[in-house]
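See below for the structure under consideration.
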Amino acid sequence: MSTTSRRRFLQQASSAGVACSASLLFGRSLSAHPASEPVRIYVDSKRTIAPIDRNLFGSFLEHLGRAIYEGISDPGSKLSDSNGFRKDVMEEIRQLGVPIVRYPGGNFVSGYNWLDGVGPKQDRPRVLDRAWNSLNSNQFGTNEFLAWCKAVGTEPLMGLNLGTGTPEQAADLVEYCNIPNGTRWSDLRRKHGISEPYKIQRWCLGNEMDGPWQIGHMSAADYGMKAADAARQMRDVDPSLKLVACGSSGPGMPTYLEWDREVLEHCYEYVDGLSLHRYFDNAETTGGDSAKFLALNLSMERQIAETVAVCDLVRGRKRSPKKLWLSFDEWNVWYRERHGDAVNGHGKMAPHLLEEIYNLEDALLVGGLINSLVRNSDRVKLACLAQLVNVIAPIMTNADGLFRQTIYYPYSWGLQFARGAALNLLVESSTYEVPGFEHVPHVDVAGTLNSGDGSVSLFILNRDLSKAHELEINWEDHAPTRVLNASVLTGDDLKASNSFQTPQKVAPQTFAKPAVTGSRTKSEVPARSYTLLQWSM
Ligand code: AHR
């Protein structure tokens, strides 16, 4: 079933999924704070939420459009190495420090036979991928992906086919990847030239199985039982695996939360995490209202809270000592390249699909979404920006090079600076009204404390489209000694975007280093901005 059907499904309850109360989320009323007052941020190094798992800033590569072929693997290119991997793309990913990459899908995985993508390349079949109506030469498969992961220094998050695939085939792939030797599938890997096992830890038990567009879509009970069976067989092969079951693919689904509950009733004891997915749009959901669009990260937080509630409900019913973590393994802005030819490969290899061009306001929301993930790092232990190259991606390539999209920058700040523990900040900000959200803070702040290098970082989204906001940062215990980094992403034109011709149109600018006086720092964030400040303590 096509992505259009997915959209229709998601529209049905989109308003329900979006509505939420900021005061409810932040546990206190923000409405009384006058706009004339500075935004007050209280930082107490003893008040932390949780250690941040590095995998909170993962990403995703699917056999879709030009993500793999042309984006990652382009054997004929002057820019590729002897493996056919694009060197410029590898350098970007290394520099970003992406900790984990989900692969090979997405919708693609639900019709994928992993055996088609291993062994001598000349023997691999060319197959029609029915999820995206595209041709897959299978020249890039599991071993190529794992070699690429090693080369860029990232960990794989392997997706399994629980659509057309069976639990037995899932366990076979684990055996192929993780057993040293002496069994049918491990010996096949060795025959394919890989003597050492990969020891892959994290696996996704299927993809969006709640969606009628998904190949092999089934009921929650059927999926829950199939996931439990796959998990048992996989753990028989390797007991150390960390497994993620498919949760709802978004709050717009008619089965939202009920799917999650029923799935977990069947497989709670066999899995470690539950997945969530979400794509934000600035059309149907917002009617193009940028002020509303920039509030949408609050609805991500509501989705997390609701999903956590279901996990803990099932935990209680089962009297289980185990607490599940969440894997937000697809999230991004995506709404333009979502219809017609943008999602239909017409039977071609590497078609231009989902090539969303991001603007400044998309990047600001991505900053807000990073803030939301940081604030929820007690339960969200893994998350993937969907996706990484060419397909709804921060990096776009052509035959001559690449450019960084606007969303690259907030993502790279999360990767570089959100380290250590998430801070439980107290933030007093004026608010504005968005129907369905009640009071939305003009300024949204997340913070981290890295006791390893003694640094504190603040990530500040100013949603106010017309006004700068003064900040007053109150250091409740330790005042910082000096500013290490200060950058801002802003501009006059919310619709401005980067391209091969103008790659730096939207890029971070230096932000005036704020001075610390006693236990207080004063500063000002411009209208329509996302700011990173990092201090050493
Ligand atoms: O990331 C693009 C697609 O969005 C994925 O294939 C699917 O899981 C989701 O619907």
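Numbers at a glance
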read-out: Any hit, segment 463-485, residues being assigned to a strand (DSSP E or B), modelled with pLDDT of 95 or more and among the charged types (D, E, K, R); value: yes
read-out: Any hit, segment 380-397, residues being closer than 21 Å to L296 by Cβ, more than 16 Å from the ligand (Cβ to nearest atom) and crowded, with 24+ Cβ neighbours inside 10 Å; value: yes
read-out: Of residues in segment 198-210 being part of a loop (DSSP other than H, G, I, E, B) and either buried (at least 24 other Cβ atoms within 10 Å of the Cβ) or among the polar types (S, T, N, Q) (or both), the one farthest from the ligand (Cβ to nearest atom); value: Q201
read-out: Search result, residues across segment 309-326 that are free of Cβ contacts under 8 Å to residues at least 12 places away in the same chain and assigned to a loop (DSSP other than H, G, I, E, B); value: R319, P321
read-out: Residue check for V333: over 27 Å from S77 (Cβ atoms), within 14 Å of the ligand (Cβ to nearest atom) and in contact with a strand residue (DSSP E or B) (Cβ under 7 Å, 6 or more places away or on another chain); value: yes
read-out: Residue check, Y358 farther than 25 Å from L157 by Cα, away from the ligand (no atom under 13 Å from the Cβ) and among the aromatic types (F, W, Y); value: yes
read-out: Filter result (outside any strand (DSSP E or B), away from the ligand (no atom under 16 Å from the Cβ) and touching a Phe, Trp or Tyr at 6+ places or on another chain (Cβ under 8 Å)) within segment 52-73; value: F57
read-out: Cross-chain or 6+ apart pairs with Cβ under 8 Å, segment 85-112 first and within 10 Å of the ligand (Cβ to nearest atom), then of a type in the set (F, W, Y) and part of a strand (DSSP E or B); value: R102/F60; G106/F60
read-out: Scope segment 336-355; condition aliphatic (A, V, I, L, M) and away from the ligand (no atom under 13 Å from the Cβ); matching residues; value: M349, A350
read-out: Check on G447, of a type outside the set (D, E) and at positive phi; value: no
read-out: Candidate set from segment 490-506 (those that are in a loop (DSSP other than H, G, I, E, B) and among the small types (G, A, S)); member that is farthest from the chain's Cα centre (by Cα); value: G491
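Every residue, every condition in (1) in contact with an Asp or Glu (Cβ under 9 Å, 6 or more places away or on another chain); (2) assigned to a helix (DSSP H, G or I); (3) among the aliphatic types (A, V, I, L, M), yes or no:
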{"site": "E265", "(1), (2), (3)": "no, yes, no"}
{"site": "Y268", "(1), (2), (3)": "no, yes, no"}
{"site": "L276", "(1), (2), (3)": "yes, no, yes"}
{"site": "Y279", "(1), (2), (3)": "yes, no, no"}
{"site": "T285", "(1), (2), (3)": "no, no, no"}
{"site": "A291", "(1), (2), (3)": "yes, yes, yes"}
{"site": "S299", "(1), (2), (3)": "no, yes, no"}
{"site": "I304", "(1), (2), (3)": "no, yes, yes"}
{"site": "T307", "(1), (2), (3)": "yes, yes, no"}
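The values are calculated or read from the model by the stated rules, or taken from the named source; none is laboratory data. Computed from a predicted structure; not experimentally measured. A quick note on method: Cβ atoms are made from the backbone with ideal geometry, for glycine too, and the neighbour counts reach across all protein chains shown.
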